[in-house]
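Undergrad: Okay, handing you the structure first.
The values are calculated or read from the model by the stated rules, or taken from the named source; none is laboratory data. No experiment lies behind these values; they were computed from the predicted model shown. Cβ atoms come from the backbone with ideal geometry, glycine included; neighbour counts cover every protein chain shown. Keep in mind that these areas ignore ligands, DNA and RNA; they rest on the heavy atoms of the full protein, side chains included. Shrake-Rupley method; radii C 1.70, N 1.55, O 1.52, S 1.80 Å.
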Amino acid sequence: MNKNSSNIMALAPNTSNKRETVCIFGTGDFGRALGHKLIQSGYPVVYGSRSTQISNLIPKDAEVLGHAEAAQKAAIIIIAIQRQHYNFLTPLAEVLRGKVLVDISNNLKLNQYPESNAEYLAQLLPGSKVVKAFNTVSAWALQSGTLDASRQVFVCGDDVEAKQVVMDIVRALGLTPLDKGSLLAAQEIENYPLQLFPMWKFPIFLSFGLGAFFFIYCLVLDVIYTYIYENNNFSFFIAITIPNRVFPVMALILFALVYLPGIFAAIIQLYRGTKYRRFPDWLDKWMLCRKQLGLIALAFASLHVVFTLVTPLRAFASWRTSKRIVSQALNNQTEPLDHTNAWLSDSYLALGILGYFLFVLLGITSLPSVSNNVNWREFRFVQSKLGYLALILCTAHTMIYGGKWFLSPSAYKWYLPDIYILSLIVPCAILVVKFVLIFPCVDKPLTRIRQGWERNPKYSE
């Protein structure tokens, strides 16, 4: 009778300043870190352990008892042990009956077991109220206090009152609980910390694939071709010249790919005459990773800036400049200023600087700390209007620099176009289609469709 009443009191809303005792099974890194954080937040903490000896690692204000004795002192028990050791809890089933068990465990790989660890714990102890929580927070973050990157705590459980008690503890620790529903969501919550940049996989693989292709392409044209037909060894181009040709090409193409799915979406909606049908799965996934594509493109653009700044320091650049000066001195000749080339050079640099500035602005506004402080219209203006302006500037920057190779037969080595010609295909195609889409005869029906109008309502879903 006393046990049941104490459990009910522990689960009731805390109306006084005194907090209920929390029991932690397990004295590992996370158990100690969580116990220390609980004590700082005003919770009495008792550890349940096989060894009742006080260690210097245990928080000094915590009590260490055997598992059964520690469980009797609290209605909330945090299970800070791995799944393979859950069997020792079975003999404690009566002691744990009616108590809230918080499962914080993680696995070594995705979907390691048929059911989640929390569901397995609920099967072992059907009389207890199992809640999944805290598995997305690291022990290091709890100890160091650097919780900005892991402040959100996913919580799920079948008992509403038990789940609310755990969420109150989460808030007391300065964290933000997010209710994910019933215990069926535990599998997803346990898989979350094991995912390695899930939204970055496609952009990274695409970047590696395109980067390798363009690097080999430049290697063939700038090194191998030159060595075979001109007997010049330019193998040192691999260090600076070729990367500085690949980086801007990658930046421009990946930047263009950020806006290409929006073009596809507009064409599909115009063709269907409705917005109430799902896009193809590949387009949905593409649209979800546009931010990552843009950030990788910005990284390539930044590398291009750095490599360009160090170009004058290269031995090859110094040799080529001194050779030109010596040649003019020996021939007693001076080259007059070519105003056309001067205009092209300054325009090329100005467009590159402005395009990179807007590119950086897009990257900054994509950060959560910035995007959360602007409204929807401001965010859309920056990401769409200024984004397309940045794409135009970067495309013009590349076109001015690489335009001289378009009509030059010497640029087509082995009948292959220069890399800058290839880089302009995707962005130019996007800008041409976007130009067509802003015509009133096209933009008005597209706007109506996005506002809910349907050409043929029977296709709505």
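Undergrad: Which value, in Å², gives the accessible area per residue of the range 357-461 when a 1.4 Å probe is used on the protein heavy atoms?
TA: It amounts to 64 Å² per residue over the range 357-461.
Undergrad: Separate question: On the full set of protein chains, 1.4 Å probe, figure out the accessible area of TYR259 and give it in Å² to the nearest 10.
TA: 20
Undergrad: If you find the alpha carbon centre of the range 99-137 and of the range 280-339, how far apart are they in angstrom?
TA: Result: 54 Å between the Cα centres.
Undergrad: I've got another one for you. How much FRET efficiency would the formula 1/(1 + (r/R0)^6) give for PHE234 and GLN123, where r is the Cβ-Cβ distance and R0 is 60 Å, rounded to 0.05?
TA: After rounding to 0.05, the efficiency reads 0.35.
Undergrad: Please give the helix 201-219 orientation as an angle from the longest Cα principal axis of the chain, in degrees from 0 to 90, rounded to the nearest 10.
TA: Orientation of helix 201-219: about 30 degrees from the principal axis.
Undergrad: So what is the accessible area of the range 22-194 per residue, in Å², with the probe set to 1.4 Å?
TA: Dividing the accessible area of the range 22-194 by its residue count gives 45 Å².
Undergrad: Continuing with this model, one more query. State the antiparallel share, in %, of DSSP beta bridges confined to the chain, rounding to the nearest 5.
TA: Bridges in the chain that DSSP calls antiparallel: roughly 10 percent.
Undergrad: Relative contact order, percent, of the chain when contacts are C-alpha pairs under 8 Å separated by at least 6 residues?
TA: 11
Undergrad: Same structure, new question: Net charge within 12 Å of TYR113 by Cβ-Cβ distance, Lys/Arg positive one each and Asp/Glu negative one each, not counting TYR113 itself?
TA: Result for the neighbourhood of TYR113: -1.
Undergrad: With +1 on each Lys and Arg Cβ and -1 on each Asp and Glu Cβ, and nothing else charged, work out how big the dipole of the chain is about its Cα centre, in Debye to the nearest 20.
TA: Values: 42 positive and 29 negative charges, 147 e Å.
Rounded to the nearest 20 debye, it is 700 debye.
Undergrad: While we're here: Given labels modelled 7 Å from the Cα in the Cβ direction, how far is it in nm from CYS441 to SER41?
TA: Distance between the two pseudo-spin positions: 6.3 nm.
Undergrad: On full extension of the chain, what length is gained from SER302 through SER51, given 0.36 nm per residue of separation minus the C-alpha to C-alpha distance?
TA: Working: separation 251, 0.36 × 251 = 90.36 nm, distance 5.55 nm.
The span from SER302 to SER51 would gain 84.8 nm if fully extended.
Undergrad: Tell me, what is the 1.4 Å probe accessible area of THR226, in Å² to the nearest 10?
TA: Ignoring ligands and nucleic acids, THR226 comes out at about 10 Å².
Undergrad: What do you get for Rg/Rh over the range 22-194 if you use C-alpha atoms and the Kirkwood form of Rh?
TA: 0.93
Undergrad: I need the calculated FRET efficiency for the pair LEU110 and LYS385, taking r as the beta carbon distance and R₀ as 35 Å, to the nearest 0.05.
TA: 0.30
Undergrad: So, in nm, how far is label GLN82 from label ASP168 when the simple model puts each one 7 Å beyond its Cα toward the Cβ?
TA: 3.5
Undergrad: Return the carbon/sulfur percentage of the accessible area of the chain, one whole number, probe 1.4 Å, all protein chains in place.
TA: Reported share for carbon and sulfur atoms: 62 percent.
Undergrad: Which net charge results when you count Lys and Arg as +1 and Asp and Glu as -1 among the other residues whose beta-carbon is under 14 Å from that of VAL436?
TA: Combined, the nearby Lys, Arg, Asp and Glu give +1.
Undergrad: Turning to a different aspect of this structure: Mind giving me the FRET efficiency for ASP61 and TRP376? R0 is 35 Å, r the Cβ-Cβ distance, nearest 0.05 is fine.
TA: 0.15
Undergrad: So what's the gap between the Cα centers of the range 157-222 and the range 417-461, to the nearest angstrom?
TA: Measuring centre to centre over Cα atoms gives 32 Å.
Undergrad: Counting each DSSP H run of 4 or more residues in the chain as -39500 (n - 2.57), what helix-only mean residue ellipticity at 222 nm follows after dividing by all residues, to the nearest 500 deg cm²/dmol?
TA: For the chain, the value works out to -16500 deg cm²/dmol.
Undergrad: Please give the helix 315-330 orientation as an angle from the longest Cα principal axis of the chain, in degrees from 0 to 90, rounded to the nearest 10.
TA: Rounded to the nearest ten degrees, it is 20.
Undergrad: In addition: Tell me the per residue accessible area of the range 199-322 using a 1.4 Å probe; a whole number in Å² is fine. Before the final figure, lay out the partial values.
TA: On the way: 6490 Å² over 124 residues.
Roughly 52 Å² per residue, with all protein chains present.
Undergrad: Now a separate question. Taking the 0 to 90 degree range and rounding to the nearest ten, how far is the long axis of helix 241-272 tilted relative to the main principal axis of the chain, both from C-alpha atoms?
TA: Here the helix axis deviates by roughly 70 degrees.
Undergrad: Please name whichever of ALA162, PRO445, PRO126 sits farthest to the positive end of the charge dipole of the chain, dipole taken about the Cα centre and charges placed at Cβ: Lys and Arg +1, Asp and Glu -1.
TA: PRO445
Undergrad: Need one value: the accessible area of TYR192 in square angstrom, 1.4 angstrom probe, rounded to the nearest 10.
TA: Around 120 Å² of this residue is reachable by solvent.
Undergrad: Related question: Using the structure shown, select from LYS180/LYS385; LYS109/LYS129; LYS275/LYS385; LYS37/LYS99; LYS109/LYS201; LYS291/LYS413 the pairs with a Cα to Cα distance greater than 29 angstrom.
TA: LYS180/LYS385; LYS291/LYS413
Undergrad: In terms of modelled amide H atoms, which long-range or inter-chain residues lie less than 5 Å from the amide H of VAL131?
TA: Here LEU101, VAL102, ASP103 satisfy the definition.
Undergrad: What nm distance separates the two modelled labels at PHE213 and ALA342, each placed 7 Å from Cα along Cα→Cβ?
TA: With each label placed 7 Å out from Cα toward Cβ, I get 4.2 nm.
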